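What follows is one structure encoded as structure tokens, with my remarks underneath.
We did not get these values from a lab; they are worked out from the coordinates using the rules stated. Keep in mind it's a predicted model, so treat the numbers as computed, not measured. All Cβ positions, even for glycine, are placed from backbone atoms using ideal geometry, and neighbour counts span all protein chains on display.
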Ligand code: NAD
């Protein structure tokens, strides 16, 4: 049995920690949101009132936070992770953050003699609940076996992407592909319906044809096709639009810094910006389907 500290018990952190508890581990959690804490407590997480409290006797310290700024804020300062970590703890960040934040946390940890691995995930809240997330790891080779061991109860597949920051680099590229695929599913589904195809029949055809993708299989933005898709739940977020916008923005920033042109990602960002401007940033990102229709209805 291992002891985990877990900072960030939201849509992903909640079910991920429930799987750790179910596998017999002790999890001490910390989150600013009372609702998130209450839900995690139901899953067996022991809630702490501080980061230091959550880190007491921890073997592994995970962060699962919205953005790079949140990761900075929980690592830095007297009440933060760096100030309370010991050399025998393994620090892992599973949030999707910018390359610079990941490099900064790697460098700051190494300077203090602490061990850090970037360990972002893919698979959505359904993968988090099922314990089948794909983890992509970046860090020093000697840390990878230990990291994989802590991750095992939450993961269907763990792949070492490379050295420090390479996990998050893989994640940013992967999510850029996901959101471009989501645009394809949104546009294909609406055009199919407008041309008179039965939505279920078209989805079946795409599922065995070259239009198939993870987004098409999991997030298809038409009600009545996939039970767990947000389209069946008034587009309540399984993946918030503002977080999707953040992820595409991370890819575009990386494109700019490397000189790689990303026209499809640029278009995806426009779709998400439209929703955010309409005050729908907290709704599911598959709601991009809304702005494809002449009357903006879904
Ligand atoms: P979320 O907003 O549901 O959860 C984040 C949690 O962090 C919230 O409960 C919030 O209260 C907490 N938090 C914020 N600042 C904090 C602080 N300073 N101290 C303690 N807690 C703090 O987000 P999520 O959907 O769980 O996503 C988390 C990360 O995982 C994001 O980076 C996201 O891009 C990534 N991700 C999400 C999905 C998905 O499908 N939702 C899939 C893969 C990766």
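Observations, loosely collected:
- Residue 246 meets each of the listed conditions (1) closer than 18 Å to residue 180 by Cα; (2) over 18 Å from the mean Cα position of the chain (by Cα); (3) part of a helix (DSSP H, G or I) apart from (2).
- Taking helices (runs of 4 or more DSSP H) as the structural unit, those lying wholly within region 161-220 and holding at least 3 residues that are more than 16 Å from the ligand (Cβ to nearest atom) and surrounded by fewer than 20 Cβ atoms within 10 Å (Cβ to Cβ) correspond to 166-194, 199-207.
- Residues being more than 9 Å from the ligand (Cβ to nearest atom), outside any helix (DSSP H, G or I) and surrounded by fewer than 18 Cβ atoms within 10 Å (Cβ to Cβ) - total across region 4-56: 8
- Residue 152 meets each of the listed conditions (1) within 15 Å of the ligand (Cβ to nearest atom); (2) under 18 Å from the mean Cα position of the chain (by Cα); (3) over 28 Å from residue 266 (Cα atoms) apart from (1).
- Residue tally, condition under 16 Å from residue 181 (Cα atoms), in a helix (DSSP H, G or I) and within 16 Å of the ligand (Cβ to nearest atom), over region 253-293: 8
- Annotation: of all residues in region 57-90 being part of a helix (DSSP H, G or I) and within 18 Å of the chain's Cα centre (by Cα), the one that is surrounded by the fewest Cβ atoms within 10 Å (Cβ to Cβ) is 69.
- Residues of region 103-130 that turn out to be within 16 Å of the ligand (Cβ to nearest atom) and in contact with a strand residue (DSSP E or B) (Cβ under 7 Å, 6 or more places away or on another chain), as a count: 9
- Test: residue 96 is under 24 Å from residue 9 (Cβ atoms), touching a helix residue (DSSP H, G or I) at 6+ places or on another chain (Cβ under 9 Å) and assigned to a loop (DSSP other than H, G, I, E, B): yes
- Within region 151-160, the set of residues being outside any strand (DSSP E or B) and in contact with a helix residue (DSSP H, G or I) (Cβ under 9 Å, 6 or more places away or on another chain) comprises 153, 154.
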